[in-house]
Amino acid sequence: MDWEAIRDEFPITRNFNFQNHAAVAPLSRRAAEAMRRYVAHCEQNSYLRGNFYKQADTVRQTCARLINAKPDEVTFIKNTSEGLSMVANGLNWRNGDNVVSTSVEFPANVYPWQALAARGVELRTAMEEQGRIPLERLIDLIDNRTRVVTISSVQFASGFRTDLAALGDYCKEKGVFLCVDAIQSLGMLPLDVEAMHVDFLSADAHKWLCGPEGIGVFYVRKELQGFLRPTTIGWASMKNMLDFGRYQFEFHDDARRYDSGAYNLAGVFGLGAAVDLLLEIGVSNVEKRVLFLTDRLVTGLRDKGYRVVSSREQGEASAIVSFISPVHNHDDIQRHLEGEHRIVIATRAGRLRSSPHFYNTPREIDQLIDVLPGH
């Protein structure tokens, strides 16, 4: 891959050494251009000759390719939280049921499940152990009243990558639904909902996809769509959605039953262009690139006296590297890097966190290592 040429897709490289894609990533050039084309058309023509919803269906097919799903299993959401909430609120629960998760999920994958306590549903959480969530800890929590295992594909604060294939196999064997918060992996690591036996998936565009905020992808396995009740219902949920004067309460036969009304079309087209770029590059190539860059970063951090929290074991590493200084204040380091050197990282859960993407370069990794205070 000509990674230097691909950097042209990211004008932010002229202004910053940006290594904070696990927060809010910059838009790729083509995502921004797709949104500008839509806005310009609306400014000059309104909806006329736009065929916008036909174009949205093309984006739906593109997003389905990204996760190896069928187009009728995918629809659009405002954000990851919306999709996870639709799963939590759309299932039929009985008093005494339980949900299994971890103690270090992003809040979007915590509060919808905590809210089920009012319906007698217990949330069980596996603890983080030195930056890892051992699979056996999750499995130990699953019993005959477990209905859902809900987990991040990659943990936001540590970068730990869940073995979704192994977890999916176990959940399928036990008749437990697997719900995945994929925002910290989609676009950075290959994800195959069929091979991994994922039942529900929710992910935003504004991190590793390098798309806009306010738009995301929601996946529901086809055979479960009659089982997961839509929780927000509107005209677009219905099979005859364009027959406005005929009130026929009949849901779509596909994932559009989870729609309620008009799409964020600017967001949809930005998402589609962002995913097109990743599919052209190949997500497996993205994975190799980010692991190469983060391996280089980890080596440099350790040589400089920092403690790396993130697991770098085979199959557990990601593009998120969390690390700790034994002597320096993390917030001071983060402000110094951005203010003095235009290097953008984050602090999370008492740790420094770097999250470079495929267009970052070895020299940018080396710059971060060089300007970090030594020990």
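The values are calculated or read from the model by the stated rules, or taken from the named source; none is laboratory data. Keep in mind the model is a prediction, meaning the values are calculated, not measured. Because the Cβ atoms are built from the backbone with ideal geometry, glycine has one as well, and the counts that use them run over all protein chains shown.
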- Note on the structure: Screening Tyr263, Tyr219, Tyr258 for residues that are at pLDDT 95 or above and within 30 Å of Glu316 (Cα to Cα) leaves only Tyr219
- Here are some conditions: (1) loosely packed, with under 15 Cβ neighbours inside 10 Å; (2) closer than 14 Å to Phe358 by Cα; (3) more than 23 Å from the chain's Cα centre (by Cα). Ser284 meets all but one. Which one does it not meet? (3)
- Note on the structure: Going through (1) in contact with a helix residue (DSSP H, G or I) (Cβ under 7 Å, 6 or more places away or on another chain); (2) closer than 24 Å to Val308 by Cα one by one, Leu123 fails only at (2)
- Note on the structure: Ala236 fails exactly one of (1) farther than 22 Å from Ser101 by Cβ; (2) within 16 Å of the chain's Cα centre (by Cα), namely (2)
- Message: Here are the criteria: (1) over 16 Å from Ile215 (Cα atoms); (2) surrounded by fewer than 16 Cβ atoms within 10 Å (Cβ to Cβ). Tell me which single one Pro71 does not satisfy.
- Response: (2)
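Test Arg14 against the stated conditions and say whether it is of a type in the set (Lys, Arg), modelled with pLDDT of 95 or more, outside the structural domain of Gly187 (by TED's automatic domain parsing) and surrounded by fewer than 21 Cβ atoms within 10 Å (Cβ to Cβ).
Details: of a type in the set (Lys, Arg): yes; modelled with pLDDT of 95 or more: yes; outside the structural domain of Gly187 (by TED's automatic domain parsing): yes; surrounded by fewer than 21 Cβ atoms within 10 Å (Cβ to Cβ): yes.
Answer is yes for this residue.
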- Query: Would you call Thr294 under 24 Å from Met188 (Cα atoms) and either surrounded by fewer than 21 Cβ atoms within 10 Å (Cβ to Cβ) or free of Cβ contacts under 8 Å to residues at least 60 places away in the same chain (or both)?
  - Reply: no
- Looking at (1) over 30 Å from Lys78 (Cβ atoms); (2) part of a helix (DSSP H, G or I), which is the one condition that is false for Ser284? (1)
- Message: For the stretch 127-141, check the following and say yes or no: at least one residue is in contact with an Asp or Glu (Cβ under 8 Å, 6 or more places away or on another chain), loosely packed, with under 14 Cβ neighbours inside 10 Å, farther than 21 Å from Leu228 by Cβ and not assigned by TED's automatic domain parsing to the domain that holds Leu291.
- Response: no
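Within the stretch 31-150, which strands (runs of 3 or more DSSP E) (wholly inside it) include 1 or more residues that are small (Gly, Ala, Ser)? Steps first, answer last, please.
On the way: elements: 74-77, 98-102, 122-126.
Qualifying strands (runs of 3 or more DSSP E): 98-102, 122-126.
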- Enumeration of residues in the stretch 242-252 that are surrounded by 10 or more Cβ atoms within 10 Å (Cβ to Cβ) and either basic (Lys, Arg) or modelled with pLDDT of 95 or more (or both): Glu250, Phe251, His252
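Scanning for something in contact with an Asp or Glu (Cβ under 8 Å, 6 or more places away or on another chain), of a type in the set (Phe, Trp, Tyr), in contact (Cβ under 8 Å) with a residue 40 or more places away in the chain and crowded, with 17+ Cβ neighbours inside 10 Å, does the stretch 35-55 turn up at least one residue?
no
Which residue out of Arg36, Arg60, Arg49 is assigned by TED's automatic domain parsing to the domain that holds Glu213, at pLDDT below 95 and either of a type in the set (D, E, K, R) or in contact with a Leu (Cβ under 8 Å, 6 or more places away or on another chain) (or both)? Quick ask: steps written out before the conclusion?
On the way: Arg36 fails: at pLDDT below 95; Arg60 fails: at pLDDT below 95.
Only one candidate qualifies: Arg49.
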- Residues of the stretch 324-375 that turn out to be polar (S, T, N, Q), in contact (Cβ under 8 Å) with a residue 24 or more places away in the chain and surrounded by fewer than 18 Cβ atoms within 10 Å (Cβ to Cβ), as a count: 2
